[in-house]
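The values are calculated or read from the model by the stated rules, or taken from the named source; none is laboratory data. None of the values given here were measured: they were computed from a predicted structure. Cβ placement follows ideal geometry from the backbone for every residue including glycine, while neighbour counts extend to all protein chains displayed. For accessibility, only protein heavy atoms count, side chains too; no ligands or nucleic acids. Shrake-Rupley method; radii C 1.70, N 1.55, O 1.52, S 1.80 Å.
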Amino acid sequence: MIRILGIAGSPVKEGNTEVLLREALGAVSDAEVRSEVYHLSSLQIEGCRHCNWCIKSQTPEKYCAISDGMGEIYPAAEQADAIILATPVHIGRMSGLMANMIDRMRVFVYGNAHRGKLTDKVGAALVVGFLRHGGLEMTLTILNNTFALFGMIPVGRGGMVLTSLEGKGKVNKGIRHMALEDGLGVFTAKAAVQRAVELAKIIQAGKKALRNA
């Protein structure tokens, strides 16, 4: 069984980012794959206080000193084989919601009870932007670097989707989800998720073979 955790980092409910993540995950029809999705638009998540509570006081049951929406995400991330992060591009970077969530993931880097629990999980990034060359590549690079810092395995380039016609910044009135109109972009998003599943299976099989060696 492969478990995928999808996290949509847009403040807009049912917006382009959430719909794209759903579309990309829907491309996986494998009966051995289970997906779970969290929308940060529906969760209250504070920024990290850097209080270092997790370094000395973390327990198997309590990841962080702050009690908020991360309480749902932490165990889901630990149980997942692959994590898909989908974010809009805000001022040339990921959304503030996604940044807060990632900062709070430091419990898996420094925590005395959960340190290293993201190691060898697969990471894939999906980025949604209004303008071509408006920060999509940079945001994708930052997310892939984040996966590497957590000891995860990035799938590579990831998915990049435009929400204006040809990325020129022209608004098309009457179309709620312009992200789905970017055929090539949606293809890259689906391919990233499919590759994440493939890598997760390879890692799972490899670890099983090592245990049985």
Leading residue by the ranking (nearest to E18 (Cα to Cα)) among those in segment 129-156 that are open to solvent by 10 Å² or more (accessible area, probe 1.4 Å) and in a strand (DSSP E or B):
L131
Considering only residues that are closer than 15 Å to E166 by Cα, in a helix (DSSP H, G or I) and open to solvent by less than 40 Å² (accessible area, probe 1.4 Å), which ones fall in segment 177-189?
M178, A179, G185, V186
What about A189, is it of a type outside the set (D, E, K, R) and in contact with a Lys or Arg (Cβ under 9 Å, 6 or more places away or on another chain)?
no
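Can you find a residue that is within 26 Å of E198 (Cβ to Cβ) and either in a loop (DSSP other than H, G, I, E, B) or touching a strand residue (DSSP E or B) at 6+ places or on another chain (Cβ under 6 Å) (or both) anywhere in segment 42-54? Spell out the reasoning first.
Step one: list which residues in segment 42-54 are within 26 Å of E198 (Cβ to Cβ), which gives none.
No, segment 42-54 has no match at all.
Given the options A124, A192, name the one that is assigned to a helix (DSSP H, G or I), modelled with pLDDT of 95 or more, open to solvent by less than 60 Å² (accessible area, probe 1.4 Å) and under 20 Å from A24 (Cα atoms).
On the way: A124 fails: assigned to a helix (DSSP H, G or I).
Exactly one residue qualifies, and that residue is A192.
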Pick from S29, S67, S42: which is open to solvent by 50 Å² or more (accessible area, probe 1.4 Å), in contact (Cβ under 8 Å) with a residue 12 or more places away in the chain, among the hydroxyl-bearing types (S, T, Y) and out of contact with any Phe, Trp or Tyr (no Cβ under 9 Å at 6 or more places or on another chain)?
S42
Go through (1) at pLDDT 95 or above; (2) loosely packed, with under 14 Cβ neighbours inside 10 Å one by one and return the number of the condition G174 breaks.
(1)
Matching residues in segment 83-112 - criterion: being among the polar types (S, T, N, Q), assigned to a helix (DSSP H, G or I) and surrounded by 23 or more Cβ atoms within 10 Å (Cβ to Cβ)
none
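One line per residue, one yes/no per condition, for (1) surrounded by 16 or more Cβ atoms within 10 Å (Cβ to Cβ); (2) modelled with pLDDT of 95 or more; (3) at negative phi; (4) not charged (D, E, K, R):
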{"residue": "G6", "(1), (2), (3), (4)": "yes, yes, yes, yes"}
{"residue": "V19", "(1), (2), (3), (4)": "yes, yes, yes, yes"}
{"residue": "Y38", "(1), (2), (3), (4)": "yes, yes, yes, yes"}
{"residue": "E46", "(1), (2), (3), (4)": "no, yes, yes, no"}
{"residue": "R49", "(1), (2), (3), (4)": "no, yes, yes, no"}
{"residue": "A77", "(1), (2), (3), (4)": "yes, yes, yes, yes"}
{"residue": "D81", "(1), (2), (3), (4)": "yes, yes, yes, no"}
